[in-house]
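Each remark here refers to the structure printed beneath this line.
The values are calculated or read from the model by the stated rules, or taken from the named source; none is laboratory data. Note that the coordinates shown come from a computational prediction; the quantities given were computed from them, not determined experimentally. No Cβ is skipped: glycine too gets one built from the backbone with ideal geometry, and neighbour counts run over all protein chains shown.
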Amino acid sequence: MLIRVDNLSKIYPIERGWFRPACAAIAAVDSVSFEVEKEATLGIVGESGSGKTTLAKMLLNLIMPTQGAVIFDPAYVTNFRKDVQIVFQNPYASLNPKMRIGQILSEPLIIHKIAVKDEAEQRCRELLQLVGLDETALSRYPGQFSGGQRQRICLARALACGPKVLVLDEPLSSLDLTVQATLLELLLQLKLTMGLTYIFISHNLAVIKHIADSVLVMREGKIVERGSADQIFAVARHPYTQRLLAAARA
Amino acid sequence: MKHLLAISNLAVDIDIKGSILHAVKNVSFTVGINETVVIAGESGSGKTITALAVTDLLPSPARIISGDIFFKGEDLRNLSAARLRAIRGKDISYVFQEPGSYLNPVLTVGAQIGESVTYHQGLSRVPARAAVIELLRRVKISDPQVVYAKYPFQLSGGMNQRVFMAMALASRPALLIADEPTTALDVTIEAEILALLGELKAELGFSLLFITHNLSIAKRIAQRMYIMYQGRIVEEGSADQIFGVPQHAHTRELLAAYDRIGKL
């Protein structure tokens, strides 16, 4: 088992004001447990506020869980920050506007001591080619690219140091449908060639159906349904999943 | 008078620091009485600019260069500012994508809808309150008395969109222009809002110009639809025609993507 998530919760206190005790608490993620196999794709679906992104951030150890644990197979994931990468939803907010694409892509290479100077530049060219961008991009700034191109850059950055696990938090949601279709194809192809494991978070059931092997349905921080993708889309048992499917099929 | 709204050869330019972007080129379309017309296209295709140009609501670097805009037989491009203002928000009203950012955060829901009621219908304070509560009930808000006193940030996105719709319909418009009204909402809420829009349309009888990038919505609601691409209308037809026998290459490209990941 590559990832084991054990009884994971994130609880945020609701403050009444300065220096006063919290009056209540919200469980953004509430006692969630699941496992992910090597080279599989786990889809996580749910509406806004269901705790998907909080869960993603805990998987990446970007926020501390209140309770529970995320355990990666130590024999497979040897260098956590290098092997586990994330692509965020909003490509307009996740690239530093003052850095050239070349700098953005070579930063992880330098930090993880994978390549320097000429070698790093060569690697950046390969990364751009991988995600279908022209190498002239290296000297340009994020502001000079469209949303779809920026998301490709985010993807290239996440792939820079050869990760094993990619957490994709609504990576397509801000893009046009035709761009979504091309990027989805690219993700499927990269997964095959690089042997990646995906955790794919989305509210778009059609995209999940396309890419995921197994699916978790979240609502109010809890997992309300889980199963293989075929199972969930054929016979959803939980009324909430049925409602989601009905809304998407209307 | 055949059409409620008839636009012909509309062109809009945007001046970005001296370089001119032709955002809308030679666009012609019509909306009939009680008709639901959808303009679909991807981001940057010019849909929103077209919608805003109808009542000259364009942001400052954008300018209508040419074209005719006829509403109820009246030429909107040759009206005084005051007359256009009387039509905009009364006979033609808008619902936008992010209700949260279009509603005034420092006014209660009641005060905002009340403004439209008092301005356009000339009601005084007490009857205005009753009218607003009736409107909130119309958009299926279950406890209108409570919501009346709330601020937009205290309400969910779906609730705010209902409030926005109440405000837009307060003046009994002949034409409602809805620009991606459900794009920021969850799918289950989206389905509710679309159903509500359909009911209100049947009940109140207005024409609907619906702007969206979402082809499954277009398929669901359109009586007639237009596909926009790079500032032009590239195809027109009934939903059945467009989805059944798409003519333009871009329409076919859109539908291919839609078939793969746009629907279940």
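Values as computed for the structure displayed
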| item | result |
| --- | --- |
| Of the criteria (1) at pLDDT below 95; (2) surrounded by fewer than 22 Cβ atoms within 10 Å (Cβ to Cβ); (3) part of a loop (DSSP other than H, G, I, E, B), which one A:M64 fails | (1) |
| Single match in B:L58, B:L52, B:L5 (criterion: part of a loop (DSSP other than H, G, I, E, B) and either within 14 Å of another protein chain (Cβ to nearest Cβ) or of a type outside the set (D, E) (or both)) | B:L58 |
| Residue satisfying condition, being within 15 Å of the chain's Cα centre (by Cα) and not hydrophobic (A, V, I, L, M, F, W, C), within set A:K98, A:K38, A:K113, A:K52 | A:K52 |
| Tally of residues being assigned to a loop (DSSP other than H, G, I, E, B) and out of contact with any strand residue (DSSP E or B) (no Cβ under 7 Å at 6 or more places or on another chain) across region A:82-112 | 12 |
| Considering residues of region A:1-48 that are more than 28 Å from A:S214 (Cβ to Cβ) and of a type in the set (D, E, K, R) only, the residue surrounded by the fewest Cβ atoms within 10 Å (Cβ to Cβ) | A:R20 |
| Candidates B:T183, B:T188, filtered to the one that is among the hydroxyl-bearing types (S, T, Y) and either outside any helix (DSSP H, G or I) or modelled with pLDDT of 95 or more (or both) | B:T183 |
| Flag if A:A93 is touching a residue at least 60 places away in the same chain (Cβ under 8 Å), under 16 Å from the mean Cα position of the chain (by Cα) and under 28 Å from A:Q149 (Cα atoms) | no |
| Cβ pairs under 7 Å, 6+ apart, first in region B:242-264 and in a loop (DSSP other than H, G, I, E, B), second of a type in the set (G, A, S) | B:K263/A:A206; B:K263/B:S216; B:L264/A:A206; B:L264/A:A248 |
| Region B:214-233: number of residues that are in a strand (DSSP E or B) and away from chain A (no Cβ under 14 Å) | 5 |
| Subset of region B:240-257 that is small (G, A, S) and within 14 Å of chain A (Cβ to nearest Cβ) - its residue that is surrounded by the most Cβ atoms within 10 Å (Cβ to Cβ) | B:A257 |
| Criterion (outside any helix (DSSP H, G or I), of a type in the set (S, T, N, Q) and in contact with an Asp or Glu (Cβ under 7 Å, 6 or more places away or on another chain)) met by exactly one of B:S28, B:S93, B:S43 | B:S43 |
| Top-ranked residue in region A:189-206 [being of a type outside the set (S, T, N, Q) and under 14 Å from the mean Cα position of the chain (by Cα); ranked as nearest to B:T183 (Cα to Cα)] | A:H203 |
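Residue-by-condition table, conditions (1) closer than 22 Å to A:D73 by Cβ; (2) without any contact (Cβ under 8 Å) to a residue 60 or more places away in the chain; (3) in a helix (DSSP H, G or I):
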| site | (1), (2), (3) |
| --- | --- |
| A:A156 | no, yes, yes |
| A:G162 | yes, no, no |
| A:L168 | yes, no, no |
| A:T178 | no, yes, yes |
| A:Q189 | no, yes, yes |
| A:F200 | yes, no, no |
| A:H210 | no, yes, yes |
| A:I232 | no, yes, yes |
| A:A236 | no, yes, no |
